[in-house]
Every structure is written in C-alpha cells, then in structure tokens.
Amino acid sequence: MKRGSMREDELVLASNSIKMLSVDGVEAASSGHPGMPMGFAEVAVVLWLRHLCFCPGDTKWINRDRFVLSNGHGSMLLYSLLHLFGISLSVEDLRKFRQWGSLTPGHPESHVTAGVECTTGPLGQGVSNAVGMAIGEKIMAARYNTADFSPFNHRVFCVVGDGCLMEGISSEASSLAGHLGLGNLIVLYDDNHISIAGNTDLAFTENVLRRYEAYGWHVQAADGHDFLAIDSAIENAVAESNKPSIIAMRTVIGRGSPNKANSAGVHGSPLGANEVLKTKEGLGWPLEPRFFVPEEVRKLFSARIGELNEVVASWRDGFKRWSENNADLAAALTRQLSLDVPESLGEKFLQSVSSDSKPAATRKTSGNILQLASGEIGALIGGSADLEPSTLTVIKGSGSIAKNDFSGLNIHFGVREHAMGAIMNGLSYYGGFLPYGSTFLCFSDYMRPAIRLAALSHLPGLFIFTHDSVFLGEDGPTHQPIEHLSALRLIHNLYLLRPADAVETAVCYEIALSRREGPCALSLTRQEVPALERSDLNSAREKIKKGGYIIWKRCQENAKAQIVFVATGSEVSLAIEAAKLLDSSVSVRVVSMPCTQLFLNTSIEYRKELLPSSSKVVVIEAGSTTLWPGILGIAATDALLVGIDHFGASAPAEDLAKHFGFTPQAVANAVKKRFLS
C-alpha cells in the first residue's frame, strides 16, 4: 500500500502528542494507566501512520487491518489514536475518560466506541481474539478471493504486554496460530519488563521469543523507541506470509516521565500534578491547555487520512468490478456478512425431529441439527476442543481448516478450551461469522472468561456443552457438572438453553442461531431421553420460545394445580413420571423450563399463570438448587428442591439416579412426604 515518507522530528512530535493526551486523560480521571501509552507511543505512530490500513470514515470496512490492544489497560493509547484520526472521539470524549456514559471507558469496549475492534482488558483474551480474527480473514479469503481481485487481503495487528504473555490462554491461542501458519497475524510485544508488582523478574524470566519460535512463529526483536528499527521490523513481519510474527519491542514504560519511567509506579496510577509538570517541561510541551495537539501533528494525521482514503477508494472500485463479475459470490458474501438465517430454518429443524419417537441423547439431536444448519447458514463455523466424537459437532462432508487450506467448515481447536472461547469471540468480532465451540459442560469453567466477554460485548455465538449432568456416569465427579448450570445462568446476557428432548433441542437451536444481541449456551445430555408427548408441534414451538411452558398436566375440573413440577433437560421426563405416581385426586402440572432467562423475560401475568401462588412447587434439576427460588420468585422453604448440592461419584448412570434420589418413585415419595402427608 502507499506510504509516504516522514521525518523523525514529525514522528517524535506525534508520539509525544499521544503520550500527553494519555497523561492528561488519566489525570482528568484521577485513574488509569499512563505508563503503557507513554512507553509504546513510538511504536504506535509508526504502525498507524505507515503500516495500518483502515478507513477512518468507515470503521466497518471489511478489508481493514484489525488493530487489537490486548493489554487494554493502556486504552488511552487507542483513544488518542482514534481522536487524532478523527474516527470517533473528540477532545471532550478524552476529557471524560473513565466517566459515566462516556465513549472512553477504562478498558476498550467494542460495542461502546467506534473503531475499537474488541473488548479487552482481561489479559491474554485480546491476543486470542486476534488469532480468531486472523482465522476469519483466512477463511474469507479462501471463500471469496479470485484471480482478478481479492476482497480480503488484510492483516491483524495485536499489541500485547508481559501480562498477556504470562496468561495461559495466550499460549494456547499462539500454539494454534503457529500450527495454522497464520501469516496475516503480527503481534507487537511491549517488552518493558514491568508489571504491577514490580520488575517482571519477580515471576517471568523465560525467553519469550524462543517460546514463540517453538510455536512456529517468525520472531524478531527491536528497539521500541527507534523509529527506523520499528519500521523495518514491521516491514519484515508483513513480508512473512507463512508464519505469524511476533516482534519484541524493547521499551521503557512511562518514557518521558523523569521520576517514574521504568517503574511499577507508572503502570496503573496517574503521574500526579508535579510529575506531569516535569514531564511536559522535559518534552518541551505546553503546560496548558490540556489535551493539546500541535497543528503540525494534525496535518500529519490528515495527510495519512488522505493516503488511506485513496487506498480504500481503489479497493472499492475493484470490489465493484468483482461483484459484477462474480454475482453469486457477491450474493453469498452479502448473506454471510449479514449473518443471514433463512426464516424457514426453524420449521426445517422441527420437521427433522417430528418423527423422532425413540429415546435419543440431546447431543445426538444437536449433531443432526447442526449438520442441517451448516448447509443453510454460510456464517456458521466451529468445532470442539478435541471432543468431536463425543460432542458430535463435526460437519460431515466438509474438510477442516488447516495450514494453507482454510476452505473447510470444521475447526480443530485441540485441547484448548480457554483459547477456543476467545477465538470464537475473535471470529464474531471479525464479522460475518456465527461461531460455535463445544466441550463437556464441566469444562465451561475453562471458557468462562471468554463467555462472559461475549455476553458483555453482545457477540452472537453458540457455546455447545454436552455431558451436562452426573448422569454421564462412570467418568466420575471430576467430569460431572454440579454448579455449572447455575454459574452460566449468572452471566448477564447469556441464554442458557437446556432442552428436554429432540423437539426442544430443535427449537433451542432456532433461538440460538437467530439471537444477535448476545451468545447462547446449549446444555446437552450424553444419555438418551424419551421423546415427550405433544399434540401440536407448532404450538409447542411457540411455547418453548417463552423459556417455560406446561408440558403435561392432570387437573380436576375447574381446579388449580395443587402441585407444579418445574424441571429442565433430562429431568423433565422424570418429573412427568413422578407426577403420574401421585394420587389421581391431586391436580398436578409439569413445567418444562429450557431457558430461565427467556422465562424471566415473559410477563408477570404469564409467570403467575404457570406458577399460581396457591400451588406447591417442586423443582427437579440434576445440579445445584441455589438459584431456583430466586428464578421462580418463591421462598426456598416453600418449595421442594430436588437437586444435587454435592459432588457426584463414579458409577453407572442408573446407580447414580438411585443413590441420588432421581427416580420417579423417589421423587414422588418426597413430594408426598413434603406436601401431601
């Protein structure tokens, strides 16, 4: 791409502008991390003014280079750059750093600030997101690039700090990146040797570049304050197309601060008025006004905007011709970017299970529906953490993405649940993908930070969890989830879907694939569950979408239910069988609740209709019972909670059911003792 030449004095002035914008922002907030932006400013100006290709006027241009600030505590670096390029932030926005309702929160949030590619801050997540973005670009290029034009030929640049590289998730993601040969990924390592506790020698003395060399990366080291060295290293990384690159940029944290540079004191605290004064004097910077930017710097960034606009205009001309010459590909791309899901797909899912009358594990039904969905949704892609034979999530008839071949629909994440979740998020951030990843429910613990960030950032995606209760059996308590359903329900903006049979599984997939404002988690059984009786599938479909509905009842004429069973997943059939064992004079109903979050979104009237205040409530779920009184709006003392508030055991599922009281007779006896004696 076109890159103009710049003088060193211009780059010094530009980097000092970033330093002082960052310092002033942190001082205004009396909170923040000035050290990273001050130490990394020289690298940032070389990258953004000479290498990074993007469209200042269109932050969603599909062929833009992605910039990920994995060490998101240095957010003022990114906010300063967005301001200087006129992308989304005014001086007033910088003044409101870390304040209520501002566009400049303490850590970058993609759904808040235009130009922020992903929500970062929890260390290691951002670089793992970047791996997902790089995979996304490779997949798009494989699908849509032609001999005459390449709609996708950009790179992913990611800044990391020591903390990111200490976190295990970055090791998982980096290992996979090396395996896949992601030559479009360039990581810039802020190698300043300082963490919050002090010098990194306290806990981190490994040779990072040798580790990354072992992963299969292209490695370099450079002086992070030498503009020519920075430029040359980035050029070398860009030229390397067969391996991901990492450049250890040796920097001084807080560079420019006379008394706090190269110390932990500048990592996460404002400089303070006296040190700001000395810093500005040392840099020859005016003391007032705050947030000052020299006119020469404004002109420098304006000139770069002009260069970028020329590049984007040329791409748009080529894309227009490509679209005209490749109408089918262009239409497919439009559908994929819009995350198009055919309106008829929900009906197809339902039809595919309508004749299922034999017992079946919901993981098996899930596999069949996922197979059907993959043929209808171009944005759908994913895999598992080395558990395809158990989670049944492989797309048959399609290959797997691999080094030099990204045309498949299956991603082998390896035994890397931490990274799998973050890479899924990276694909979602990238745009044009509905990612899914699968493992056993017990190992959702490994993915929890990524799931939480997906929910926080309003990312669509499917976390598919199988083996969802103690009834996976002989593997024992290390693999048997107990608190995991409750733990996932506690994540705001995450829908946890636990279907009871094939029909509910089909509808839960319809819900999950159509949701755009956040992710969904599916909780699926290893063991077979019976097909529940329904008179009208279409009516059942609409009821299931409410999150809770009556699946079975036996009531005396004009009588309200005396006993209401509430159950989820594999325990719904148990609730029905237990209800049938109660005396025929007892009015009873069974409520299946595949999604408590959707149920709580319904009207109060509907919830009272399902759970009359005069009824006695019995909750059955093979897991922790702690949250159920709050979900149902009842006192724990007024309900019978049939759950497992302890760890499981290694034994066949039938034996576990007997010992833990999960048989129809045991439940019926408990109900009689509590409410009917």
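The values are calculated or read from the model by the stated rules, or taken from the named source; none is laboratory data. Source: prediction; values computed, not measured. Positions of Cβ are generated from backbone atoms using ideal geometry, with glycine treated the same way; all protein chains shown enter the neighbour counts. Accessible surface areas use protein heavy atoms only, side chains included; no ligands, DNA or RNA. Shrake-Rupley method; radii C 1.70, N 1.55, O 1.52, S 1.80 Å.
For Leu380, the residues whose amide H sits under 5 Å from its own are Leu434, ignoring neighbours fewer than 5 places away on the same chain, with H placed 1.01 Å from N. Surface composition of the chain: carbon plus sulfur atoms contribute 50% of the solvent-accessible area (1.4 Å probe, protein chains only, all chains present). 3J(HN,Hα) couplings calculated from phi for the range 142-158 with the Karplus curve 6.51 cos²θ - 1.76 cosθ + 1.60 (θ = phi - 60°) are, in sequence order, 5, 7, 10, 6, 10, 4, 8, 6, 10, x, 10, 8, 9, 10, 10, 9, 9 Hz; Gly and Pro show x. Placing dummy labels 7 Å off each Cα toward the beta-carbon, the span from Ser241 to Asp536 is 6.1 nm.
Checking the Cα-Cα distances for Lys138/Lys260; Lys96/Lys320; Lys60/Lys299; Lys396/Lys580; Lys358/Lys608; Lys580/Lys608 against a 31 Å cut-off, the pairs over it are Lys138/Lys260; Lys96/Lys320; Lys396/Lys580; Lys358/Lys608. Per residue, the range 208-315 exposes 46 Å² of solvent-accessible protein surface, assessed with a 1.4 angstrom probe and all protein chains in place.
Shown in residue order for the range 173-182 are the 3J(HN,Hα) couplings computed by the Karplus curve 6.51 cos²θ - 1.76 cosθ + 1.60 at θ = phi - 60°: 5, 5, 4, 5, 4, x, 4, 8, x, 6 Hz (x for Gly and Pro).
The range 128-175 and the range 629-677 have Cα centres lying 48 Å from one another. When shorter helices are ignored and each DSSP H run of at least 4 residues is given -39500 (n - 2.57), the per-residue value for the chain at 222 nm works out to -13000 deg cm²/dmol. As a rough guide to protection, the peptides 367-374, 12-19 ranked by mean Cβ packing within 10 Å, highest first, stand as 12-19, 367-374. Helix 227-239 versus the longest principal axis of the chain: what angle, 0 to 90°, nearest 10, using Cα atoms? Once rounded, one gets 50 degrees. Cα centroids of the range 551-605 and the range 432-474: how far apart, whole angstrom? Measuring centre to centre over Cα atoms gives 28 Å.
Grouping the Cα pair distances of the range 177-219 into 10 Å bins from zero gives a pair-distance distribution of 24, 43, 26, 6 percent in increasing distance order.
According to the square roots a ≥ b ≥ c of the eigenvalues of the Cα gyration tensor, what is the shape class of the range 521-607, taking rounded for a/c under 1.5, prolate for a/b larger than b/c otherwise, and oblate for the remainder? Oblate, since a/c reaches 1.5 and b/c is not below a/b.
If Phe40, Phe443 are ordered by their accessible area, calculated over protein heavy atoms with a 1.4 Å probe, which sequence runs from highest to lowest?
Phe443, Phe40
Taking θ as phi - 60° and the Karplus parameters 6.51, -1.76 and 1.60, the scalar couplings of the range 582-596 work out to 6, 3, 4, 7, 8, 6, 9, 9, 10, 9, 8, 10, x, 8, 5 Hz in sequence order, x denoting glycine and proline.
So if we plug the beta-carbon distance of Lys560 and Ser390 into 1/(1 + (r/R0)^6) with R0 = 41 Å, what FRET efficiency do we get, rounded to 0.05? Working from the Cβ atoms, E equals 0.40.
I want to make sure I understand the PRE zone here: with the label point 7 angstrom from the Cα of Leu337 toward its beta carbon, which residues in the range 45-69 have backbone N atoms less than 17 Å away? Only 54-66 fall inside the zone, counting backbone N under 17 Å. Whole Å is fine, so just give me how far the alpha carbon centre of the range 499-549 lies from that of the range 271-317. A separation of 54 Å, based on Cα centres.
When the trypsin sites (Lys or Arg not before Pro) in the range 36-132 are filtered for DSSP coil states and for at most 12 other beta-carbon atoms within 10 Å of their beta-carbon, the remaining sites are Lys60.
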